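Enquirer: Have a look at this one before I ask anything.
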Amino acid sequence: MAQQNASVLFVCLGNICRSPSAEAVFKHKAKQRQLDLHIDSAGTMGYHTGCPPDERSQQVGEARGYDFSGLACRRVSAEDFEIFDYIVAMDHQNLENLKEACPAPLHHKLHLLMSFADLEEDIVPDPYYGGKKGFEYVLDLIEEASDGLISHIQGRS
Ligand code: 4NP
């Protein structure tokens, strides 16, 4: 049965490139499908706390129609493990860091985003030190996996 009012937290390292992009894409797709979901993002480190998403993420994302307004970087908190149904990591390091911080009975909430896509790539690679192409690739992967995650939440896979 479809899960109503599910909540999803996307997590990367800095919460300025990948996870805010996933938040923007997922909010867009949820709205298109008229799904009432609580969607947020956070980082495993807090260096950029309070900052808006990276300019490059905003540029490539807005060109595809995604809305980044109002997003501000924050660090994952202990409360997040209680509040969210799905805590979705971009790469293996993010997932390991989450496992260390998350109480064992809640580990079932932790996932790799790319586990919801039928692609060779199993992570969303960090684009921070690369060029625009890397940011486009991040969006390609997020868009594909978001469709899979929505189907999963809706109980269709
Ligand atoms: P993100 O990318 O984890 O996708 O937000 C990064 C952003 C900042 C840094 C590393 C990765 N940093 O080292 O500042």
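Enquirer: At 0.36 nm per residue, minus the direct Cα-Cα distance, what do residue 115 and residue 59 gain on full extension? Give it in nm, one decimal, please.
Expert: On the way: separation 56, 0.36 × 56 = 20.16 nm, distance 2.66 nm.
That works out to 17.5 nm of additional length.
Enquirer: Show the residues, 5+ positions off or on another chain, whose built amide H is closer than 5 Å to the amide H of residue 74.
Expert: 43, 50
Enquirer: Could you tell me which of rounded, prolate or oblate describes the range 7-108, using a ≥ b ≥ c as the square roots of the eigenvalues of the alpha-carbon gyration tensor, with rounded for a/c under 1.5 and, failing that, prolate when a/b is larger than b/c and oblate otherwise?
Expert: On the way: a/c = 2.13, a/b = 1.34, b/c = 1.59.
Oblate, since a/c reaches 1.5 and b/c is not below a/b.
Enquirer: Related question: Figure the gain on full extension for residue 75 and residue 49 (residue separation times 0.36 nm, minus the Cα-Cα span) and round it to one decimal in nm.
Expert: Values: separation 26, 0.36 × 26 = 9.36 nm, distance 0.68 nm.
Residue separation times 0.36 nm, minus the Cα-Cα distance, leaves 8.7 nm.
Enquirer: Aspartates and glutamates within cross-link reach of residue 29: Cα-Cα under 17 Å, excluding same-chain residues under 8 positions apart?
Expert: 40, 62, 67, 140, 143, 144, 147
Enquirer: Another one. Run the reach check for residue 99 against lysines, Cα to Cα strictly under 24 Å, same-chain hits fewer than 8 apart removed. What comes back?
Expert: 109
Enquirer: Pop out the carbon and sulfur fraction of the accessible area of the range 1-64 as a percent, whole number, probe 1.4 Å. Kindly include the intermediate steps, with their values, before the conclusion.
Expert: Numbers: 1470 of 3050 Å².
Accessible surface attributable to carbon and sulfur in the range 1-64 totals 48 percent.
Enquirer: Is there a quick way to get the dipole size of the chain? I mean about its Cα centre, with the Cβ of Lys and Arg at +1 and of Asp and Glu at -1; what is the value in debye to the nearest 20?
Expert: Details: 14 positive and 24 negative charges, 64 e Å.
With only Lys, Arg, Asp and Glu charged at Cβ, the dipole is about 300 debye.
Enquirer: Output ³J(HN,Hα) for the range 59-73: one whole-Hz value per residue in order, computed from phi by the Karplus curve 6.51 cos²θ - 1.76 cosθ + 1.60 with θ = phi - 60°, and x for Gly and Pro.
Expert: Using θ = phi - 60°, the values come out as 4, 6, x, 5, 4, 9, x, 8, 9, 9, 5, x, 7, 9, 4 Hz.
Enquirer: What part of the accessible area of the range 87-157, given as a whole %, is carbon or sulfur when the probe is 1.4 angstrom?
Expert: Working: 1880 of 3720 Å².
Exposed carbon and sulfur together represent 51 percent of the surface.
Enquirer: Based on the mean of other beta carbon atoms within 10 Å per residue, what is the order of 120-131, 22-33, most packed first?
Expert: Values: 120-131: 14.5, 22-33: 19.7.
Highest-to-lowest ranking by the protection proxy: 22-33, 120-131.
Enquirer: Show me, for the range 132-140, the HN-Hα J-couplings you get by feeding each phi into the Karplus relation (A = 6.51, B = -1.76, C = 1.60, θ = phi - 60°), rounded to Hz, glycine and proline as x.
Expert: Each residue of the range 132-140 in turn: 4, 4, x, 6, 5, 5, 4, 5, 4 Hz.
Enquirer: Now for a separate question. Per residue, what accessible area does the range 58-107 have, given a 1.4 Å probe and all protein chains present, in Å²? Don't skip to the answer; put the middle values down first.
Expert: On the way: 2660 Å² over 50 residues.
Averaged over the residues of the range 58-107, the accessible area is 53 Å².
Enquirer: Working out 0.36 nm times the residue gap between residue 31 and residue 137, then minus their Cα-Cα distance, what length gain in nm do you get to one decimal?
Expert: Taking residue 31 through residue 137 to full extension adds about 35.9 nm, to one decimal.
Enquirer: Continuing with the same structure: Compute the distance from the alpha-carbon center of the range 1-73 to that of the range 114-150, in whole Å.
Expert: Using only Cα atoms to place each centre, the spacing works out to 13 Å.
Enquirer: Taking the solvent-accessible surface of protein heavy atoms with a 1.4 Å probe, what is the per residue accessible area of the range 113-155 in Å²?
Expert: Details: 2180 Å² over 43 residues.
Spelled out: the 1.4 Å probe surface of the range 113-155, per residue, equals 51 Å².
Enquirer: Determine ³J(HN,Hα), in whole Hz, for all residues of the range 75-87 in sequence, where each value follows from phi through the Karplus function 6.51 cos²θ - 1.76 cosθ + 1.60 and θ = phi - 60°; x replaces Gly and Pro.
Expert: 8, 4, 10, 4, 4, 4, 5, 7, 6, 8, 7, 10, 10
The values are calculated or read from the model by the stated rules, or taken from the named source; none is laboratory data. Here the structure is a predicted model, which means the values were calculated and not measured. Positions of Cβ are backbone-derived with ideal geometry, glycine not excepted, and every protein chain shown enters the neighbour counts. Heavy atoms of the whole protein, side chains included, go into the accessibility calculation; ligands, DNA and RNA do not. Shrake-Rupley method; radii C 1.70, N 1.55, O 1.52, S 1.80 Å.
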